[in-house]
Amino acid sequence: MFDTPRANRLHIAIFGKRNAGKSSLINAITGQEIALVSDIAGTTTDPVYKSMELLPLGPVVLIDTAGIDDENTLGELRIKKTKEVLEKTDLALLVFDASDDDFRAEKEWHQMLIGKRIPAIGVINKIDIQDRNTKDLEKIFDIPFVKVSAKFNLHIDSLKELIRIYSPSDFEKTTIVGDIIQPKDKIVLVAPQDIQAPKGRLILPQVQVMRDILDHDGMVLMVKDSELEDILKTLNQKPDLVITDSQVFTKVNALVPPDVPLTSFSILMARYKGDLQTFIEGARAISHLKSGDNVLIAEACTHHPLKGDIAREKIPKWLKETTQADLNITVKAGVDFAEDLSKYSLIIHCGACMFNRKQMMTRIFRSKMQNIPITNYGIAIAYMNGILDRVTNMFPQK
Ligand SMILES: Nc1nc2c(ncn2[C@@H]2O[C@H](COP(=O)(O)OP(=O)(O)OP(=O)(O)O)[C@@H](O)[C@H]2O)c(=O)[nH]1
Ligand SMILES: [Mg+2]
């Protein structure tokens, strides 16, 4: 871990008022007594830096800071030092005391974070003393919240999970396929025979994948599933990778030799934009579905449903075949993602090509906090076809 220079590590800074429990939190996250904790407000005076391996995220630097509400002269100096920390912060943890309902200081600080485009996670601390509803705070701050007790180590794992999924996507240069291909690799892309909307062009994930392959000096050949067999025969070597539209997974899976890596656009996008591991776990929940269970199929954009629409026809049909259960399936499209997800046993989300990573992560997080499994179209389809392992085993785990 010491091979990673500090600058290349994700910097996570802990901000909050005095006595909110910032130092206790850094100790809880690291599992070490790094920072001095006391009930005297203003215990931490200078930023404290700790490099650590935060699994499964990787190397990070955690930064404990002085309270943001210290108003005397010495306090001003401390706040100045804390502000300097902002310059190197990739992700902020804004710590609130559960019993404190005055969050003017936090609001001010949050505005500064917004100005600097630093993503933030709200941490409600000391819930061992007092529980607190997070709904109002979520509305005011528009950031995800997690409730913990730093002192008694409650829900620190949820916080770590949130840190993992909320760490800025551009922190490590993300690529869609760059880490699984080599220069000069021959990559076959497969579109379904009945290429649907939009007319006259390819869909965004296909274009993005092509561009990424070219950026990594790979070679692209694109066919419809009806021509796949021919092209595989024509090539004098096996392709190094086949990427298919998930709607034709079954057919493509049967045609592509077992030793050729096979995945789908939607799985690549799930990894790029969402959280592959969460989606894989979510797909496994399909096998637990039983009659009467509610399943939410969520689409990021509203479009006019076509005949054979994947959300309204294909996935429901495949779910029925796989589970043999009588499920209540709801399809929701657009920005309205149910606030209360508790009645659902599973959420199946579209590839979210029109969403950025943060939007998708917010949905993933909301589902996770309510303990509702979430997956996406491609991964669910792969699971229902019994090929999920095959189509995901080429990816290194984050
Ligand atoms: N009950 C309870 N007490 C906590 C918790 N976290 C922190 N405390 C207590 O709150 C007091 C302040 O904790 P610190 O971690 O020093 O708070 P801080 O935000 O670093 O404070 P400054 O450094 O002064 O800005 C200490 O007495 C802690 O033991 C918690 O989760 N539950
Ligand atoms: Mg402190």
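The values are calculated or read from the model by the stated rules, or taken from the named source; none is laboratory data. Note that the coordinates shown come from a computational prediction; the quantities given were computed from them, not determined experimentally. As a convention, Cβ positions derive from the backbone with ideal geometry for all residues, glycine included, and neighbour counts pool all protein chains shown.
Against the criterion of being touching a helix residue (DSSP H, G or I) at 6+ places or on another chain (Cβ under 6 Å) and at pLDDT below 90, Leu62 does not qualify. Cβ-Cβ distances below 6 Å connect the following pairs, each with a first residue in the range 302-313 that is assigned to a loop (DSSP other than H, G, I, E, B), a second residue that is surrounded by 14 or more Cβ atoms within 10 Å (Cβ to Cβ) and modelled with pLDDT of 70 or more, and a separation of six or more residues or different chains: Thr302/Ala333; Pro305/Arg312.
Which of the residues belonging to the range 16-32 are under 22 Å from Ile129 (Cα atoms) and either modelled with pLDDT under 95 or out of contact with any helix residue (DSSP H, G or I) (no Cβ under 6 Å at 6 or more places or on another chain) (or both)?
Arg18, Asn19, Ala20, Gly21, Lys22, Ser23, Ser24, Leu25, Ile26, Asn27, Ile29, Gly31
From (1) within 22 Å of Lys332 (Cα to Cα); (2) in the same structural domain as Thr330 (by TED's automatic domain parsing), pick out the condition that doesn't hold for Ser287. Result: Ser287 fails condition (1) only.
From the list Leu204, Leu232, the lone residue that is among the hydrophobic types (A, V, I, L, M, F, W, C), out of contact with any strand residue (DSSP E or B) (no Cβ under 9 Å at 6 or more places or on another chain) and in contact (Cβ under 8 Å) with a residue 24 or more places away in the chain is Leu204. Of the residues making up the range 61-81, those that are in contact with a Phe, Trp or Tyr (Cβ under 7 Å, 6 or more places away or on another chain), within 11 Å of ligand 1 (Cβ to nearest atom) and more than 23 Å from Thr134 (Cβ to Cβ) number 0. Evaluation of Ile26 against the conditions (1) outside any loop (DSSP other than H, G, I, E, B); (2) under 26 Å from Asp102 (Cβ atoms); (3) away from ligand 2 (no atom under 13 Å from the Cβ) shows that the sole unmet condition is (3). Out of curiosity, is Gly200 of a type in the set (Gly, Ala, Ser), away from ligand 1 (no atom under 16 Å from the Cβ), in the same structural domain as Ile12 (by TED's automatic domain parsing) and surrounded by fewer than 14 Cβ atoms within 10 Å (Cβ to Cβ)? Here the answer is no, as Gly200 does not meet what is asked. For the range 212-258, a residue qualifies if it is in a loop (DSSP other than H, G, I, E, B) and within 21 Å of Trp318 (Cα to Cα), and exactly one does: Asp245.
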